[in-house]
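S.K.: Sharing a structure below in structure tokens format, with a few things to ask.
The values are calculated or read from the model by the stated rules, or taken from the named source; none is laboratory data. Computed from a predicted model, the values in this text were never measured in an experiment. In this analysis, Cβ positions are derived from the backbone assuming ideal geometry, glycine residues included, and neighbour counts consider all displayed protein chains. Ligands, DNA and RNA are excluded from the accessible area calculation, which covers all protein heavy atoms including side chains. Shrake-Rupley method; radii C 1.70, N 1.55, O 1.52, S 1.80 Å.
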Amino acid sequence: MSAPTTSPGPDPVEAPAAPAAGRTAVVPVDAPSRAARAAVSVRRDGPRGAPATRGLAARRPAAAAAYVGALAFAALAVSNPIQVAAVLALVLTVLALCGRLRASLPYARVALAVGLFLAVLNPLFSGGGLDVLWTADLGPLSVTVTTQSLVYGVVTAMRLTAVILAFALFTVALDPDDQLGLMSAVSFRSGLVLSLASRLFPVLSRDAARIADAQRSRGVELDRGTRRQRVAARVPLLRSLLTRSLERAVDVAAAMEARGYGGARRSRWVHRRPWWAADMALAAGAAAAALALLAGLVTGHAAYDFFPLIDDPWVQLLDMWWLVLVVALVLPVGTALGGSRR
Amino acid sequence: MTAIARFEQVTYTYPGAQRPALHDVSLNIEPAEVILVLGGSGSGKSTLLRALNGLVPHFYGGTFAGRVTVDEFDTRTARPHDLARRVGLVFQDPEDQAVMTTVEREIAFGLENLGVDSDAITRLVEEALISLGLSRLRHAPLAELSGGELQKVALAGVIATQPHLLLLDEPTSQLDPVSSEELLAAVRRLSEDTGATIVLAEHRVERCLHLATRVLYMEDGAVAIDAPPQEFAAWALHGHRELLPPVARLFAGRLNGRAEAHARSGHLPLTVKDARHMLDALDAEKPTRRANDEAVAEAHASATADEIVLETERLTVGYDGETPLLEDVVLRLRRGELVAFMGENGVGKSTLVRHFNGLLTPRRGRVTLLGRDVAGLSVAEAARSCALLGQNPGDYFVRDTVAEEIDYTLAQLGLDGARRNALAARIIAELDLAGLLDRDPRSLSGGERTRVALAAVTCGDPPVIVLDEPTRGMDPAHKLALTATLRRWAAAGRCVVVVTHDVEFAARCASRVVVLGDGGVLADGTTADVLNGALFFSTQVNRLLRHALPGILYEDEVVWGVSLQ
């Protein structure tokens, strides 16, 4: 954080640096931790005595990332409504098996909001399609709603939701440190920033809630009045929060330096987690799915099509590339994500 | 013996500071020593530790004179990361030193920085997990750990690197006493099992003094005394008696003028066990109950008025989707009472008092404040009658100066004119803040910050004042001052509630103790009744004298039957 500041001898020297930050405390002390409660719960439930990681978090990060990538690829590459629905259902199933369905809710809300917007607007503004259901002349605007535009709107919404949830799966179902490990292979510093951000964001959020409660407790009305009054009442809190964040940043930087960061060449702890059969099944499934998708793209059966033309959606379900894709993505779900570490 | 570390006439000033944080410090640290560093807030304890791992001056800048050497390294040229293999530092706030997101990765972080190979990291992480009892949490996200667990992870991350010198900078100051005990026990095991050289800055003298082989007391950046514990105890008898454990103060009363001589020869006990041996060895001379002592009477005075200011009716508290922490709690708090809420960690003490001003909504039952249902009030409205000071004074500071903080609260409470000025003047006098009015509250020492935050929530003169763990991280002198203030407020007719694990503080301060546990109120009575004879929730003096003098809680309640002189 600062330049070297020592003197070669006993005479004092001045050196530029930030002042020592004031120390503040942010530790919840009057509640057993969620982790401890989880550990106790596991101990009661089984003999392992540790809060086991589930689903993708228990798998080798590379295998898990490859599988999630294959799911996202599939969501983008298929156009058939039934196929899109099947991929979405699979993503949701994997989230559920990983126990992260609730954690993905914020992402699902965004996906559904945008998807619904598209599903509603598309039939109104895109009158393409063969089977006209309804027409209306609204002054300068002529609206034609067709079966195809309705279906397309719904398919677009499903596809968007599947893609967003596939990325959410990567974020919420993989161990953050595993994500960091994967990213470290490319850039350690970027990975470290990601890790620090994921760790400190909940801390910042707790700080904000605590500061707001402290202000309420001294008579500051934060929750009543007009929107403008409420915003004005919260402005001083931002300053306090910013100060706290800067203090934390300085302290974390000092702790990192004290623990040797920035010194000799770093090593990388390759997690002792071995390649279990389940990891191999997951990686093999991801590879097979990627090959099936590539085959579908090359043969023209699988392609991202803005306005797909589909005669009979059920017929495509018998395509060989699709069958291989389904087997490749579904088989590991039972074997690799069923909760067993091995 | 070759010193592990050496200070030679070190004087250091932080950038922009007027006075040095370390002043002409010279000392040696020998292998396997456990050095306890004591001193008030801002006395230079943390700076001393940071000078040992090179953060001072490399990270903080400033003006540095003299020399610190660790092994063969001179910290003027060796940077902190060069020293990381030799010196490990655990900081005060566990939230501010973690980098990774899960326990085992966090422990591995330091080892990775030092370039240790992967197989060795696996082994060292495992050993660190086992040694601190963290194995079951190895995969746990740090965000889900309690403060105590997080601080243990920090300690594990440091000991995994096997440093020659382990520095602990008030590692328990942000923790509740139970977590603190666990952490200090881990440090003691480390010292006993590995012979590690440890430098520990701490406030909890009664828990650490007997662990130390040597004590440093710092004042204004200088080392006031550097001596073995018994010699330090003798020194503390003159002007720093509050630094001694309660049992040492008890026996100091017996020794009178010969205290220093006895202390030097090992006659001042530092633990209850030592004190019991000494007491048993005495023949005729025994402690007796002090009669008609005003201080004792004042401390144990019950409420003089019957007016109920806060009442809970079958109150059930807890978080949605979880088993209630407390059920059907019935409490009546009166003017003039000073009530201590005690109980095991996580039992729901803090959660309970957060219902008193409406910060939390009851799952069942209700809270009545001055006859009004708190559910019908906003927190800001309830604050006029019930002030609540949380565990982090810094959360209250949103203005530039102490004077503005007080004025801001009074403005929020809708007070103006002469009444506002009178209330401001009163709280400034009550909490001795006149010399701090123009200071930025964030720049103050720990004890001063607590006083300012207390002023910010109580300046409107509310009849109910609630303080959540007010003594956490507080040095003994500030603790005594806070005790006096709270007793004054209760005597003036306010109802004061303190949530605390600090039994010695509760014994000196409270007129009534409520022990929470097993989902409800386990005990509720006068301080003497509740704390007398308890195993855990009892004072050192009570544990020593519970059979001979039941009901005695601290040394001021005792006189010695026969003087040695």
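S.K.: Within the range B:328-422, which helices (runs of 4 or more DSSP H) (wholly inside it) include 2 or more residues that are open to solvent by 50 Å² or more (accessible area, probe 1.4 Å) and away from chain A (no Cβ under 12 Å)?
M.R.: Qualifying helices (runs of 4 or more DSSP H): none found.
S.K.: Of all residues in the range A:294-329, count the ones that are modelled with pLDDT under 90 and within 24 Å of the chain's Cα centre (by Cα).
M.R.: Number of matching residues: 1.
S.K.: Also, I was wondering about something else. Given the conditions (1) more than 8 Å from chain A (Cβ to nearest Cβ); (2) open to solvent by less than 40 Å² (accessible area, probe 1.4 Å); (3) among the aliphatic types (A, V, I, L, M); (4) under 21 Å from B:Thr213 (Cα atoms), report the number of the one that B:Leu89 does not fulfil.
M.R.: (1)
S.K.: Can you name every residue in the range B:158-181 that is over 18 Å from B:Leu55 (Cα atoms) and not in a loop (DSSP other than H, G, I, E, B)?
M.R.: B:Ile159, B:Pro177, B:Val178, B:Ser179, B:Ser180, B:Glu181, listed by residue number.
S.K.: Right, something else. Here are A:Ser240, A:Ser217: which of them is open to solvent by less than 20 Å² (accessible area, probe 1.4 Å), closer than 20 Å to B:Pro441 by Cβ, touching a strand residue (DSSP E or B) at 6+ places or on another chain (Cβ under 6 Å) and within 7 Å of chain B (Cβ to nearest Cβ)?
M.R.: Being open to solvent by less than 20 Å² (accessible area, probe 1.4 Å), closer than 20 Å to B:Pro441 by Cβ, touching a strand residue (DSSP E or B) at 6+ places or on another chain (Cβ under 6 Å) and within 7 Å of chain B (Cβ to nearest Cβ) holds for just one of A:Ser240, A:Ser217, which is A:Ser217.
S.K.: Something else about it: Quick one: which of B:Val497, B:Val466 is within 24 Å of B:Ile308 (Cα to Cα), in contact with a Phe, Trp or Tyr (Cβ under 8 Å, 6 or more places away or on another chain), modelled with pLDDT of 95 or more and more than 13 Å from chain A (Cβ to nearest Cβ)?
M.R.: After applying the criteria, what remains is B:Val497.
S.K.: Also, I was wondering about something else. Take the residues of the range B:127-154 that are of a type in the set (D, E, K, R) and facing chain A (nearest Cβ under 9 Å): which is nearest to A:Glu257 (Cα to Cα)?
M.R.: So, considering only residues that are of a type in the set (D, E, K, R) and facing chain A (nearest Cβ under 9 Å), the one nearest to A:Glu257 (Cα to Cα) is B:Glu149.
S.K.: Which of the residues that make up the range B:161-175 are more than 10 Å from every other protein chain (Cβ to nearest Cβ) and either surrounded by fewer than 24 Cβ atoms within 10 Å (Cβ to Cβ) or within 18 Å of B:Arg85 (Cα to Cα) (or both)?
M.R.: Correct list: B:Gln162, B:Pro163, B:His164, B:Leu165, B:Leu166, B:Leu168.
S.K.: If you scan the range B:356-373, which residues turn out to be among the β-branched types (Val, Ile, Thr) and within 15 Å of B:Pro463 (Cα to Cα)?
M.R.: Within the range B:356-373, B:Thr368 is the sole residue that qualifies.
S.K.: In the set A:Ala74, A:Ala63, which member is at pLDDT 90 or above, open to solvent by less than 10 Å² (accessible area, probe 1.4 Å), over 30 Å from B:Glu469 (Cβ atoms) and more than 9 Å from every other protein chain (Cβ to nearest Cβ)?
M.R.: A:Ala74
S.K.: Further question on the same structure: Can you name the residue in the range B:15-28 that is in contact with a Phe, Trp or Tyr (Cβ under 6 Å, 6 or more places away or on another chain) and open to solvent by less than 40 Å² (accessible area, probe 1.4 Å) and is also farthest from B:Pro228 (Cα to Cα) among such residues?
M.R.: Taking the candidates together, the pick is B:Ala21.
S.K.: Can you tell me which residues in the range B:497-516 are open to solvent by 20 Å² or more (accessible area, probe 1.4 Å), part of a helix (DSSP H, G or I) and under 19 Å from B:Leu454 (Cβ atoms)?
M.R.: B:Arg508, the sole residue that qualifies.
S.K.: Okay, next question. Tell me, yes or no, whether the range A:286-302 has at least one residue that is at negative phi, touching a residue at least 24 places away in the same chain (Cβ under 8 Å), more than 8 Å from every other protein chain (Cβ to nearest Cβ) and outside any helix (DSSP H, G or I).
M.R.: yes
S.K.: Among the residues of the range A:243-279, write down those that are buried (at least 19 other Cβ atoms within 10 Å of the Cβ) and at positive phi.
M.R.: Selection gives A:Gly260 alone.
S.K.: Among the residues of the range A:195-212, which ones are surrounded by fewer than 17 Cβ atoms within 10 Å (Cβ to Cβ) and more than 7 Å from chain B (Cβ to nearest Cβ)?
M.R.: A:Ala197, A:Phe201, A:Leu204, A:Ser205, A:Arg206, A:Ala209
S.K.: Can you pull out every residue in the range B:68-84 that is touching a residue at least 24 places away in the same chain (Cβ under 8 Å) and either facing chain A (nearest Cβ under 7 Å) or open to solvent by less than 10 Å² (accessible area, probe 1.4 Å) (or both)?
M.R.: Hits for the range B:68-84 are B:Val68, B:Val70, B:Thr75, B:Ala78, B:Pro80, B:His81, B:Asp82, B:Leu83, B:Ala84.
S.K.: Another question, if that's okay. Just for the range B:423-455: of the residues that are among the aliphatic types (A, V, I, L, M) and not in a helix (DSSP H, G or I), which one is most open to solvent (accessible area, probe 1.4 Å)?
M.R.: The residue in question is B:Leu437.
S.K.: When you go through (1) in a helix (DSSP H, G or I); (2) without any contact (Cβ under 8 Å) to a residue 12 or more places away in the chain; (3) β-branched (Val, Ile, Thr) one by one for A:Ile164, which number turns out not to apply?
M.R.: Exception for A:Ile164: condition (2).
S.K.: Keeping to the range B:534-565, report how many residues are part of a loop (DSSP other than H, G, I, E, B) and at pLDDT below 80.
M.R.: Number of matching residues: 9.
S.K.: For the range B:9-125, give me every one of the helices (runs of 4 or more DSSP H) that falls completely inside it and has 2 or more residues that are under 28 Å from B:Arg442 (Cβ atoms).
M.R.: Correct list: B:45-52, B:55-58.
S.K.: Listed residues A:Ala136, A:Ala197; which is assigned to a helix (DSSP H, G or I) and either more than 30 Å from B:Asp96 (Cα to Cα) or of a type in the set (Gly, Ala, Ser) (or both)?
M.R.: Just a single option satisfies the conditions, and that option is A:Ala197.
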